[in-house]
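Visitor: Have a look at this one before I ask anything.
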Amino acid sequence: MEHTLLESFANFLEENTTMITVGMNYHTLPGKQAAFEEKFAAVIEALNAAEGHSSSTLWKDVSDGDSYLITSEWSDDQAFGDFIQSDAFREVTSWGKEEILSDRPRHKIYKH
């Protein structure tokens with residue numbers, strides 16, 4: 001009976017959990033790491049104010065000091081989509097204008 005209850009609970013969570021984790025990959029130009037990290041401080045403020053955002057973490061690649069990953073937890077796809085279309089997001093993401101990134105950011109969404 002316990003096994004059936006656990007299976008039922010796992011099925012319930014799978015069907016009713018819409019949270020997502022977004023992995024956003026960035027690669028900076030050489031010597032621009034400090035500028036990127038400073039910009040992330042502004043981005044995290046905007047993220048924390050966004051509806052549906054739970055938490056975000058900045059990770060630095062130990063084998064490539066110019067490579068970063070931001071993981072961000074959201075209540076659902078729509079909340080993340082609304083944020084990246086918002087004025088708040090545009091105001092804190094002027095990477096190209098400031099010549100900080102070597103390439104376009106890439107992101108991938110993971111549902112759980």
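Visitor: Karplus couplings for the stretch 66-74 from phi (6.51 cos²θ - 1.76 cosθ + 1.60, θ = phi - 60°), rounded to Hz, Gly and Pro as x?
Guide: Coupling constants for the stretch 66-74: 8, 10, 10, 10, 10, 9, 9, 9, 10 Hz.
Visitor: Is the stretch 32-76 rounded, prolate or oblate when judged by the Cα gyration tensor, a ≥ b ≥ c being the square roots of its eigenvalues, rounded requiring a/c under 1.5 and prolate requiring a/b larger than b/c?
Guide: It is oblate, given that a/c is not under 1.5 and a/b is not larger than b/c.
Visitor: Among 37-47, 66-76, how do they line up by average Cβ neighbours within 10 Å per residue, starting with the highest?
Guide: Top of the packing list down: 66-76, 37-47.
Every read-out reported here was derived from the displayed coordinates using simple, explicitly stated rules and does not represent laboratory data. Worth saying up front: this structure is predicted, and the values here are computed from it rather than measured. Positions of Cβ are backbone-derived with ideal geometry, glycine not excepted, and every protein chain shown enters the neighbour counts.
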